[in-house]
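Asks: Before we start, here is the structure in question, set down as structure tokens.
The values are calculated or read from the model by the stated rules, or taken from the named source; none is laboratory data. Please read these numbers as outputs of a predicted model, since none were measured by experiment. Don't worry about glycine lacking a Cβ; one is built from the backbone with ideal geometry, like all the others, and counts go over all protein chains shown. The accessibility values were calculated without ligands, DNA or RNA, using every heavy atom of the protein model including side chains. Shrake-Rupley method; radii C 1.70, N 1.55, O 1.52, S 1.80 Å.
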Amino acid sequence: TSKDLKNKKFDAILHLQVLEHIVKDQKEIDDNLNLLNNKGKLLIIVPAFMSLYSSFDYAIGHVKRYEKKDFNNFNLGKSKIIKMIYIDSCGYLLYKIFKLLINNDQPSKWSIIVWDKIFIPLSRIFDFIFRYKFGKNLIVIIEKND
């Protein structure tokens, strides 16, 4: 918790696949920014697009999925977003299909292997081609400014 880190400051904080589990997301971002040195970076990775929200999201405790507009609406004070991109474009398309056709709360071992071995490598190529305009996840980098 931030109380345990009261007198510590950091140059970078990685917030990976956590924010989607927290109801008071603005407070979480505020707490993280308060732990950064001036010009420190907060890197956040979250699941993207509420249109992809499924029973699997619910089963693993996701409160929501995010879009760029959600981060643009956060009150960051003097801090600013310096980068915001979507990744895993193949995952986006597969999640759409998964939600429409299967929509269960537990992916199979086979589907995880196929995802990791085939679709993640393909996404790296397609993310570049599509200029990171959509994907299953969103990466956001916020720079703290005092």
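Asks: Take the conditions assigned to a helix (DSSP H, G or I) and at pLDDT below 90 and apply them to Leu122. Does it pass?
Replies: Against the criterion (assigned to a helix (DSSP H, G or I) and at pLDDT below 90), Leu122 does not qualify.
Asks: Follow-up question, since we're still on this one. What are the residue pairs meeting all of these: first residue in segment 25-47, first residue more than 15 Å from Asn75 (Cα to Cα), second residue of a type in the set (Val, Ile, Thr) and assigned to a strand (DSSP E or B), Cβ atoms under 6 Å, and 6 or more apart or on different chains?
Replies: As it stands, the answer is Lys41/Ile141; Leu43/Ile141; Ile44/Val140; Ile45/Ile139, since those pairs meet every condition given.
Asks: From the set of residues in segment 33-51 that are in a helix (DSSP H, G or I) and of a type in the set (A, V, I, L, M), which is most open to solvent (accessible area, probe 1.4 Å)?
Replies: Across segment 33-51, the extreme among qualifying residues is Met50.
Asks: Can you pull out the residues in segment 11-29 that are open to solvent by 90 Å² or more (accessible area, probe 1.4 Å) and closer than 19 Å to Ile87 by Cβ?
Replies: Of everything in segment 11-29, just one residue is open to solvent by 90 Å² or more (accessible area, probe 1.4 Å) and closer than 19 Å to Ile87 by Cβ, namely Leu14.
Asks: Check off (1) farther than 19 Å from Ser51 by Cβ; (2) assigned to a loop (DSSP other than H, G, I, E, B); (3) not basic (Lys, Arg) for Ile142 and give me the number that stays unchecked.
Replies: (2)
Asks: Filter segment 70-82 for residues that are free of Cβ contacts under 8 Å to residues at least 60 places away in the same chain and either within 13 Å of the chain's Cα centre (by Cα) or open to solvent by less than 40 Å² (accessible area, probe 1.4 Å) (or both); which is nearest to Asn145 (Cα to Cα)?
Replies: Checked segment 70-82; the qualifying residue nearest to Asn145 (Cα to Cα) is Phe74.
Asks: Additional query: Taking the stated definitions as given, is Leu100 modelled with pLDDT of 85 or more, closer than 20 Å to Tyr53 by Cα and either outside any helix (DSSP H, G or I) or of a type outside the set (Ser, Thr, Tyr) (or both)?
Replies: Considered against the rule, which asks whether it is modelled with pLDDT of 85 or more, closer than 20 Å to Tyr53 by Cα and either outside any helix (DSSP H, G or I) or of a type outside the set (Ser, Thr, Tyr) (or both), Leu100 comes out as no.
Asks: Filter segment 1-57 down to residues that are at pLDDT 95 or above, among the β-branched types (Val, Ile, Thr) and more than 15 Å from the chain's Cα centre (by Cα), then give me how many there are.
Replies: Number satisfying all stated conditions: 0.
Asks: Within segment 52-69, track down each residue that is part of a helix (DSSP H, G or I), open to solvent by 50 Å² or more (accessible area, probe 1.4 Å) and either on the phi > 0 side of the Ramachandran plot or touching a residue at least 40 places away in the same chain (Cβ under 8 Å) (or both).
Replies: Passing the criteria: Tyr58, Ala59, Lys68.
Asks: Pairs please, first residue from segment 100-121 and more than 17 Å from Asp88 (Cα to Cα) and β-branched (Val, Ile, Thr), second anywhere and modelled with pLDDT of 70 or more and open to solvent by 100 Å² or more (accessible area, probe 1.4 Å), Cβ atoms under 8 Å, 6+ apart in sequence or on different chains.
Replies: none
Asks: Filter segment 5-24 for residues that are basic (Lys, Arg) and either in contact with a Leu (Cβ under 6 Å, 6 or more places away or on another chain) or under 16 Å from Phe74 (Cα atoms) (or both) and give the result.
Replies: Lys24, the sole residue that qualifies.
Asks: Here's something else I'd like to know. Report whether or not Gly135 is modelled with pLDDT under 95, open to solvent by less than 40 Å² (accessible area, probe 1.4 Å) and either assigned to a helix (DSSP H, G or I) or not basic (Lys, Arg) (or both).
Replies: Considered against the rule, which asks whether it is modelled with pLDDT under 95, open to solvent by less than 40 Å² (accessible area, probe 1.4 Å) and either assigned to a helix (DSSP H, G or I) or not basic (Lys, Arg) (or both), Gly135 comes out as no.
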